[in-house]
Amino acid sequence: MKKLFLIFILSLTIQATAGESLFGISTRGVGMLSNTYSAPGMARSYEIASMDTLQINYKNYALWTNLPLTSYSAKVSYSGAFGSDAQSNSYYNDIGNFGGGYLTIPLLKYQIAFGLGLSPFSDMEQRYREEGLDGQAQEILIKGGLSKAHLNLSYNVLPNLGVGLGYEYVFGKITKNFRMEDASIAFDPILLYYEYRYYGSGLVASAFYRPMNKLQLGLFFRPQTTIDFKIQATTSSDVVDAEKIHSITIPAQIGAGMEYQLAKRWNAGMDIEFQDWGSEFALDDVVLKQGFTQHFKVGLGLEKKQSSKLFTSITEQMDFRVGGFYRRLSQVSNLNPVDEMGLSFGFSFPLQRFRSKIDFAAMGGIRGSLDTNHYKENFFKFGVSISAAERWFVQTEE
């Protein structure tokens, strides 16, 4: 199990570096927002109210008090999109990336827990080249993304009511390269390089409530927060190259979910998330209404849990999940909102019964419309996470 922990620590050094989709590219935006789910949550398309005694909840930190042992989880993912535009041109974008990693330590079993981790926040990558007449050409490359580091303390006020309060540090880098060529002029190509470095802090509050044995509710809320970013240019002009500092306002985010036990091993659940980028996203206190809209996601799913019997078949030791979702992106295309919808599924395989497991998840769907957005994508995503629990702090007799 210590090897799994080393994998978790190494994964925390990785940041988002590329993007899967053509959507989300903007001169003032931070890219396509990342829905940070664990692999089980990704497979069933919900997680906010889901409790597991082994898997760390990536959405609702208040549920960490229900983990009886020190637990850690790390996820990697690969996603891609096959797209086309209104002129029947086709393209393919993909990304292999770190999908989140967390460590949770119970300070007082089933009552107080401390945790930390790292998760992606946004990503983008796009290369564009336009050939003109007489050897003229221009090429633009935009690449990068943001991440979040987390510290959280969770507390069970009552056995059926828990709360969490966390600190989040947002950081990352987005680069933009411009290259302009003109064969008719006897000069070297014009090269412009811009680097945007983001940094800032925020808070997140979370809660769960069990009004009855079979029903669980979850909630998280991130208040509106402001982060700074530095612009460093590399050009032939000292004035342009001078470092500039600006600020952006990240809109408040709220998410709610529920999970209901249909039968002994069957659960059903739902997530709803909302973030108003259309009227809250701001650059230096100026709201950027053009190009942005309200972002939301709705997910529904089913899960069949493993058997509690000690001796049973391997398939009875596995979890199975399926779900569906509908999402609206935070940025518009062709002045219209971009919607996506799809299906998800997955399963888990025990590495050590009731102590560690590996989860597999996959999803696929459609994003955008040729009629309203001028672009359409068929996208897919695969996720794998490793979760484990260990007894770290054991007093031994002398």
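Restricting attention to strands (runs of 3 or more DSSP E) lying wholly within segment 90-184, give those where 3 or more residues are touching a Gly at 6+ places or on another chain (Cβ under 9 Å) and surrounded by fewer than 18 Cβ atoms within 10 Å (Cβ to Cβ). Please lay out each step first, then the result.
Values: elements: 90-108, 112-131, 136-158, 161-182.
Result: 90-108, 136-158, 161-182.
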Review point. For segment 67-79, how many residues are farther than 30 Å from residue 156 by Cβ, of a type outside the set (Val, Ile, Thr) and buried (at least 18 other Cβ atoms within 10 Å of the Cβ)?
Key: 2
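Residues are listed down the side, and each one gets a yes or a no for (1) at pLDDT 90 or above; (2) more than 17 Å from residue 61 (Cβ to Cβ):
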residue	(1), (2)
115	yes, no
126	no, yes
138	no, yes
148	yes, no
159	yes, yes
183	no, yes
Point to revise | Of residues in segment 80-89 being loosely packed, with under 13 Cβ neighbours inside 10 Å and of a type in the set (S, T, N, Q), the one nearest to residue 383 (Cα to Cα) | key: 89
Review point. Counting just the residues of segment 340-373 that are within 29 Å of residue 72 (Cα to Cα) and not in a strand (DSSP E or B), which one comes out farthest from the chain's Cα centre (by Cα)?
Key: 353
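Tell me yes or no: at least one residue of segment 59-68 is more than 15 Å from residue 105 (Cβ to Cβ) and in contact with a helix residue (DSSP H, G or I) (Cβ under 9 Å, 6 or more places away or on another chain). Write out each step before concluding.
Here is the first cut: in segment 59-68, the residues more than 15 Å from residue 105 (Cβ to Cβ) are 59-60, 62.
Now drop any that are not in contact with a helix residue (DSSP H, G or I) (Cβ under 9 Å, 6 or more places away or on another chain), which leaves 59.
The answer is yes, given that some residue of segment 59-68 is more than 15 Å from residue 105 (Cβ to Cβ) and in contact with a helix residue (DSSP H, G or I) (Cβ under 9 Å, 6 or more places away or on another chain).
Yes/no per residue for (1) at pLDDT 95 or above; (2) under 19 Å from residue 58 (Cβ atoms):
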site	(1), (2)
314	no, no
317	no, no
331	no, no
336	no, no
350	no, no
371	no, no
374	no, no
378	yes, no
389	no, yes
Exercise for review: Output the residues belonging to segment 298-352 that are in contact (Cβ under 8 Å) with a residue 40 or more places away in the chain, touching a helix residue (DSSP H, G or I) at 6+ places or on another chain (Cβ under 8 Å) and farther than 27 Å from residue 34 by Cβ.
Suggested key: 306, 307, 350
Check your understanding: Are any of the residues in segment 195-215 among the aromatic types (Phe, Trp, Tyr), at pLDDT below 95, under 27 Å from residue 127 (Cβ atoms) and loosely packed, with under 14 Cβ neighbours inside 10 Å?
Key -> no
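The values are calculated or read from the model by the stated rules, or taken from the named source; none is laboratory data. Bear in mind that the values here come from a model prediction, so they are computed numbers and not experimental data. Note: ideal-geometry Cβ built from the backbone for every residue, glycine included; neighbour counts use all protein chains shown.
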